[in-house]
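The values are calculated or read from the model by the stated rules, or taken from the named source; none is laboratory data. In this text, all values refer to a predicted model and were calculated from it rather than measured experimentally. Ideal geometry is used to build each Cβ from the backbone, glycine not excepted, and the neighbour counts take in all protein chains shown. Side chains are part of the model used for accessible areas, which takes the heavy atoms of the whole protein and leaves out ligands, DNA and RNA. Shrake-Rupley method; radii C 1.70, N 1.55, O 1.52, S 1.80 Å.
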Amino acid sequence: MSDNPFVGAWTYRSLLNIPAIDTDFDDLEFGRGTLIIKVAPMEQLVGTIGGPGWSLALKGARSYGNPMHARFQGTGKVNGEPWAYDYTGYLVPVWPNGVDQVPAIVGSVIRTIPHSAGPGQTAPAGEVASFYAVKSA
């Protein structure tokens, strides 16, 4: 058992920051996967994020506060190509009158380097999205 509330498995989803309210929800998807945060020395964050066909190693830091904060980078090779994403997230505080509240991290993600996105397409560096992750284990 860890006193680090970030440790565990999380269901991760990220959404494009498109302000048009009539945008179909399916068109907002930036990414999804499983975020695994492992036990690490004080103030460090290590783990993985991934899904079918991809996995990135996470390395970063966490800090106490209200709310608690984590900042980390995910790096790895996907289909032989380097990928890198940076994340900053906050642990949602427990609501005093919350019912069945599941721990959640909310934050922002940026694609740090470009990578291919299918035949003849490139996912550009610098694209920013919002994310949330809910604890699954």
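Solvent exposure of segment 19-60, expressed per residue, is 66 Å² of accessible area, with all protein chains present and a 1.4 angstrom probe.
Given axes a ≥ b ≥ c from the Cα gyration tensor, I'd like to know whether segment 87-128 is rounded (a/c under 1.5), prolate (a/b larger than b/c) or oblate. Verdict is prolate for segment 87-128. Taking each residue as 0.36 nm, the span from D27 to Y90 lengthens on full extension beyond its C-alpha to C-alpha distance by 20.2 nm. Compactness ratio for segment 1-51: Cα radius of gyration over 2.2 N^0.38 Å (N = residue count) comes to 1.54. Of (1) 15.9, 54; (2) 15.5, 51; (3) 17.4, 54, which one was derived for Rg and Dmax of the Cα atoms in Å from the structure shown? Evaluating Rg and Dmax of the Cα atoms in Å on these atoms matches (2). On the accessible surface of the chain, probed at 1.4 Å, how many percent belong to carbon and sulfur atoms? Reported share for carbon and sulfur atoms: 59 percent.
Normalised by the number of residues in the chain, the average gap of Cα pairs under 8 Å and 6 or more apart makes the relative contact order 22 percent. Bridgeable lysines around K77 (alpha carbons under 17 Å apart, same-chain partners fewer than 8 residues away excluded): K59. Around Q44, with a cut-off of 15 angstrom between Cβ atoms, what is the net charge of the other residues, counting Lys and Arg +1 and Asp and Glu -1? Summing Lys/Arg as +1 and Asp/Glu as -1 gives +2. Segment 7-37 to segment 76-122: how many Å between their Cα centroids? Segment 7-37 and segment 76-122 have Cα centres spaced 8 Å from each other. Taking all protein chains together, W95, W83 sort by accessible area into W95, W83, largest first [probe 1.4 Å].
Between K38 and A20, the contour length at 0.36 nm per residue exceeds the alpha carbon distance by 2.7 nm. Be a star and scan segment 31-46 for residues whose amide nitrogen sits under 17 Å from the point 7 Å along the Cα-to-Cβ vector of T75. The answer is 45-46, whose backbone nitrogens lie closer than 17 Å to the label point.
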